[in-house]
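Heads up, the thing below is written out as structure tokens.
The values are calculated or read from the model by the stated rules, or taken from the named source; none is laboratory data. Keep in mind that what you see is a predicted model, and the values were worked out from it rather than measured. No Cβ is skipped: glycine too gets one built from the backbone with ideal geometry, and neighbour counts run over all protein chains shown.
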């Protein structure tokens, strides 16, 4: 039953992460999910030590991370990637101060052995929330990426949309650490988006292509995990990379 | 020319502690073409952005219409590294009917097949015509256009200006244009506003543009030759 739950999570979470990833790629923020994933490690460590849900542990830490990146960005004018590096390195350092050695591997590369019905339900509901929120902000944010002034003249409240966008990233990272671990969350959003970009001619193909490749990668990774018992996170990432490599043959 | 469409009174704009526009007063009437002239850094772009509410200001800006469209300079548009967005999808951001899009494409002389092309994959001239189509597709009453011909060759510049002139004539459009092109001032402007952070001249081109004014605007002696036919 746990495997069926995992597949359901893979379908919804993987797809939504890929869909959100296409927006993140267009905003040149696809890699941000990586450092944010690292930042969740202290939360995952706490969850593993005190036996509560890893996503629940991860979420406050990713929110803290986004808040501090935003705060530093406002006050220092340093580029976001530099600030993200500072915050993520700190997150990793804190984790390894108190994470027991035997808990290190599941925290870093994911674990689907403890998935139950409530965790599946929460993952599906939150994934759907992120999907529809992303759908709402998608066009305005793409337009803002082309010209912020043009977006503002269309009465688009960019600050509100940006907040919603960051919240979506935080949720996907917090949910994603369960299946790929804190080390590889960037792969959930970045690789399906790149694959979709390679084979798409327009925005519809690109955005829903991200969903399709994200879902397929998670499901394929989970099936191989079931057959081989190799670690789940790396298998999902390798499945995703395989789709990416194949997409290069069909690049448009 | 009929009623007023914009009234600006004692406008001051300060950005990051720097005074960009000082005590500017002017007005624009319906179906007028106002050209804003000035050297780089004179506050021309700031003025257009302020007029549509993108900058904080003190003073009065009164629009007598809400139907306003704005086009920033072409260099400020991100064309590289975008997702695979088609031009048709770009127009979809404005929520207009495909019939309206086809009409405006024909009006600016663009082939409808371009709607399937990727956003960044057109020439500079086509891109600028596409932007004009975007700005006019919902039939605004006023168009604010910042440096419409920057980066475009002379032939392309001609096309852009004649397009704007045609829309001004046929659509009763009011146009506020930022440009460095003095020829266009003579050919198309009803009024000209010379700006270098403050109002240096304002009125009909033939009355206010003199070698002395140009020297005041650009800080160097500029001569012009007016070709008159018998």
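Answer yes or no as to whether residue B:47 is under 26 Å from residue B:180 (Cβ atoms), within 14 Å of chain A (Cβ to nearest Cβ), out of contact with any helix residue (DSSP H, G or I) (no Cβ under 8 Å at 6 or more places or on another chain) and surrounded by 16 or more Cβ atoms within 10 Å (Cβ to Cβ).
Numbers: under 26 Å from residue B:180 (Cβ atoms): yes; within 14 Å of chain A (Cβ to nearest Cβ): yes; out of contact with any helix residue (DSSP H, G or I) (no Cβ under 8 Å at 6 or more places or on another chain): yes; surrounded by 16 or more Cβ atoms within 10 Å (Cβ to Cβ): yes.
The answer is yes for residue B:47.
Residues of region B:113-133 being out of contact with any strand residue (DSSP E or B) (no Cβ under 8 Å at 6 or more places or on another chain) and within 14 Å of another protein chain (Cβ to nearest Cβ), which ones? Write out each step before concluding.
Here is the first cut: in region B:113-133, the ones out of contact with any strand residue (DSSP E or B) (no Cβ under 8 Å at 6 or more places or on another chain) are B:113-114, B:120-130, B:133.
Result: B:113, B:114, B:120, B:121, B:122, B:127, B:128, B:130, B:133.
Hand me the list of strands (runs of 3 or more DSSP E) wholly inside region B:170-216 holding 1 or more residues that are at pLDDT below 85 and crowded, with 16+ Cβ neighbours inside 10 Å. Walk me through how you get there before you give the answer.
Values: elements: B:174-178, B:191-195, B:199-203.
Filter on region B:170-216 gives B:199-203.
Restricting region B:62-84 to residues that are in contact with a strand residue (DSSP E or B) (Cβ under 7 Å, 6 or more places away or on another chain) and within 11 Å of chain A (Cβ to nearest Cβ), which is surrounded by the fewest Cβ atoms within 10 Å (Cβ to Cβ)?
Filtering first and then ranking leaves B:73.
Which residue out of B:102, B:110 is in a loop (DSSP other than H, G, I, E, B) and more than 10 Å from every other protein chain (Cβ to nearest Cβ)?
Working: B:102 fails: in a loop (DSSP other than H, G, I, E, B).
Just a single option satisfies the conditions, and that option is B:110.
Looking at region A:46-153, what helices (runs of 4 or more DSSP H) fall wholly within it and have at least 2 residues that are within 14 Å of another protein chain (Cβ to nearest Cβ) and within 17 Å of the chain's Cα centre (by Cα)? Steps first, please.
On the way: elements: A:54-76, A:80-98, A:101-109, A:117-146, A:148-153.
Of the helices (runs of 4 or more DSSP H) lying wholly inside region A:46-153, those with at least 2 residues that are within 14 Å of another protein chain (Cβ to nearest Cβ) and within 17 Å of the chain's Cα centre (by Cα) span A:117-146.
So residue B:65 passes all but one of these: (1) assigned to a loop (DSSP other than H, G, I, E, B); (2) touching a helix residue (DSSP H, G or I) at 6+ places or on another chain (Cβ under 9 Å); (3) within 30 Å of residue B:201 (Cβ to Cβ). Which condition number does it fail?
Residue B:65 satisfies every listed condition except (2).
From A:171, A:183, A:158, A:164, which residue is closer than 16 Å to residue A:59 by Cα, surrounded by fewer than 20 Cβ atoms within 10 Å (Cβ to Cβ) and more than 9 Å from chain B (Cβ to nearest Cβ)? Working first, answer last.
On the way: A:171 fails: surrounded by fewer than 20 Cβ atoms within 10 Å (Cβ to Cβ); A:183 fails: surrounded by fewer than 20 Cβ atoms within 10 Å (Cβ to Cβ); A:158 fails: closer than 16 Å to residue A:59 by Cα.
Result: A:164 is the single residue among A:171, A:183, A:158, A:164 that is closer than 16 Å to residue A:59 by Cα, surrounded by fewer than 20 Cβ atoms within 10 Å (Cβ to Cβ) and more than 9 Å from chain B (Cβ to nearest Cβ).
Would region B:116-123 turn up any residue that is part of a helix (DSSP H, G or I), farther than 15 Å from residue A:146 by Cβ and at pLDDT 90 or above? Steps first, please.
Filtering region B:116-123 down to residues part of a helix (DSSP H, G or I) leaves B:116.
Those still in the list that are farther than 15 Å from residue A:146 by Cβ too: B:116.
When the remaining residues are screened for being at pLDDT 90 or above, the result is B:116.
Yes; the residues of region B:116-123 include at least one that is part of a helix (DSSP H, G or I), farther than 15 Å from residue A:146 by Cβ and at pLDDT 90 or above.
Out of A:129, A:163, A:98, I need the residue that is closer than 30 Å to residue B:120 by Cα and out of contact with any strand residue (DSSP E or B) (no Cβ under 8 Å at 6 or more places or on another chain). Which one?
Numbers: A:129 fails: closer than 30 Å to residue B:120 by Cα; A:98 fails: closer than 30 Å to residue B:120 by Cα.
Unique residue meeting the criteria: A:163.
Output the residue which, of all residues in region A:199-214 that are surrounded by fewer than 21 Cβ atoms within 10 Å (Cβ to Cβ) and assigned to a helix (DSSP H, G or I), is farthest from the other protein chains (Cβ to nearest Cβ).
A:212
Answer with yes or no whether residue A:42 is modelled with pLDDT of 85 or more and in contact with a helix residue (DSSP H, G or I) (Cβ under 9 Å, 6 or more places away or on another chain). Lay out the reasoning, then the answer.
Working: modelled with pLDDT of 85 or more: no; in contact with a helix residue (DSSP H, G or I) (Cβ under 9 Å, 6 or more places away or on another chain): yes.
Taking the combined requirement at face value, the residue does not satisfy it.
Name every residue in region B:148-169 that is in a loop (DSSP other than H, G, I, E, B) and within 13 Å of the chain's Cα centre (by Cα), in order of residue number.
Restricting attention to region B:148-169, the residues satisfying the condition of being in a loop (DSSP other than H, G, I, E, B) are B:148-153.
Those that are in a loop (DSSP other than H, G, I, E, B) and within 13 Å of the chain's Cα centre (by Cα): B:148, B:149, B:150.
Is it the case that residue A:176 is assigned to a helix (DSSP H, G or I), in contact (Cβ under 8 Å) with a residue 12 or more places away in the chain and within 13 Å of chain B (Cβ to nearest Cβ)?
Values: assigned to a helix (DSSP H, G or I): yes; in contact (Cβ under 8 Å) with a residue 12 or more places away in the chain: yes; within 13 Å of chain B (Cβ to nearest Cβ): no.
Here the answer is no, as residue A:176 does not meet what is asked.
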